[in-house]
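For reference, the structure is listed below as structure tokens.
What follows draws every value from the coordinates through simple rules; no lab data is involved. Just so we're clear, the structure is a prediction, and the values are computed from it rather than from any experiment. Neighbour counts run over all protein chains shown; Cβ positions are idealised from the backbone, glycine included.
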Amino acid sequence: MKQILYITAITLFLVSCSNTNKTENIDDLIKSKNIKSLQERKATLQADITKIEDALATLDVKKEEALVSVMTLKDTLFNHYLEVQGNVDTKENILVQPEFSGTLTSLTVKAGQKVAKGQILGRVDDAGMSQQIAGLENQYALAKTTFERQKNLWDKKIGSEIQFLQAQTQMVAAQKGVAQIKAQLAKTVIRAPFSGTIDEVFVEKGQVVAPSIQGLMRIVNLGSMYVSTSVPETYIGKLKLGDQVDVFLASLNKTYKGKVRQVGNFINPNNRSFGIEVSLPNPDNLLRPNQVAKLKIIDYTKKDAIVVPTNVVQEDGEGNKFIFTVEASNGKTGTAKKVIVEVGKSSDNVTEILSGLTVDDVIVTEGVNAISNGMKLNF
């Protein structure tokens, strides 16, 4: 059928061209160099070719049979996701710095060791402060005794107020001196700021250390992990604290269930986005700071939605979206029917159908590119 129609169409086209040649030969027209006439002749020929192609598209309907796969539509819950990339991090990942300059006299931990908050990690030479504190405590004890005696006398209206105030001032000064030296002495003891694991140790016992010059060791807590990323400002109001997020880590080939724990209040003027943080469980201790993560955030949900595999949705020459359904089905065979549909959002290789299909419709899922309207189908 197709070959006969094609030969007929070509014959008609040649006859048309032959008739045109009777009035004006194309070679003569080209030699005339008449641009307007050439353009008119070109437009005429193109219009004829378009008519022939339209006729072929309409009449050339495949009548042969095709083997396809089908599915029956059911309503289901449809979720659309915003997909963004982020980085895994933890706020408990720091370099432990000394607070006092001196020689590292003690180092009680090593790399890979777990420590508890407040545990002693090392000590710095106190430069004799431990000996000074004993003398200051004796001075404070004497000043306190003097003040108490002076107070007893003053309560009995014996002695002068000046003596009482002087004794009180000396006691307070001695007390502050003891507190100050104890605070300085406490800085020589290096303690864990939080519970975690010693990741690296950068110094050795006997090494001279000082604040802000170098870190002594890195301590990391993998029990409080999160992912930070930025999302477009159009999602303001769509993301709320506690929203569930699927977090996929390609390095682990594993998906974690996280929750939005922080939503930024500042829009970055450079890329019109705001930051969010998603908390992550880490039961297996496989998460590490700076891992790359892919986040899938639900931004649209519809119950009882009709969805189809995205690859079955096709587009015709007029820009209409369509799907092939099965008519007159007896369970094994049927007829292909082209159905114009209105599509919604797509996610996870499925597309929501807003109109054109209903529950229990049977659609073609495999072999859609080899069939046409009215073709007999086997499945």
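Taking 7 Å steps out from each Cα toward its Cβ at GLU92 and VAL189 produces label points 2.1 nm apart. For the stretch 93-219, the dipole from Cβ point charges (+1 on Lys and Arg, -1 on Asp and Glu) about the Cα centre works out to 340 debye, to the nearest 20. Comparing TYR256, VAL368, SER160 along the charge dipole axis of the chain, the residue lying farthest to the positive side is SER160, per the Cβ-charge model.
The long axis of helix 161-186 is offset from the longest Cα principal axis of the chain by roughly 50 degrees. Taking every alpha-carbon pair under 8 Å whose residues sit at least 6 apart, the chain reaches a relative contact order of 25 percent. Compared with the dominant Cα axis of the chain, that is its longest principal axis, helix 35-59 is turned about 90°. Placing unit charges on the Cβ atoms only, positive for Lys and Arg and negative for Asp and Glu, gives the chain a dipole magnitude near 1500 debye about its Cα centre. Sites listed here are trypsin sites (Lys or Arg not before Pro) in the stretch 195-284 whose DSSP assignment is loop and whose Cβ has at most 11 other Cβ atoms within 10 Å: LYS240, ARG272. Taking a straight Cα-Cα cut-off under 23 Å and skipping sequence neighbours fewer than 8 places away in the same chain, the lysines within cross-link reach of LYS33 are LYS22, LYS42. Our note on the geometry: Cα centres of the stretch 251-277 and the stretch 113-168, 52 Å apart. With unit charges on the beta carbons (Lys and Arg positive, Asp and Glu negative) and the dipole taken about the Cα centre of the stretch 93-174, which residue among MET129, VAL96, LEU142 sits farthest to the positive side? Value: VAL96. Kindly flag which residue pairs out of LYS74/LYS345; LYS254/LYS321; LYS114/LYS182; LYS151/LYS182 have an alpha-carbon separation exceeding 24 Å in this structure. Flagged as over cut-off: LYS254/LYS321; LYS114/LYS182; LYS151/LYS182. Decide, for the stretch 104-243, between rounded, prolate and oblate: order the square roots of the alpha carbon gyration tensor eigenvalues as a ≥ b ≥ c, take rounded if a/c falls under 1.5, and otherwise choose prolate if a/b is larger than b/c, else oblate. Cα axes put the stretch 104-243 in the oblate bin. Amide H to amide H distances under 5 Å link ARG191 with LEU121, where only residues 5 or more positions off or on other chains count and H is placed in the peptide plane.
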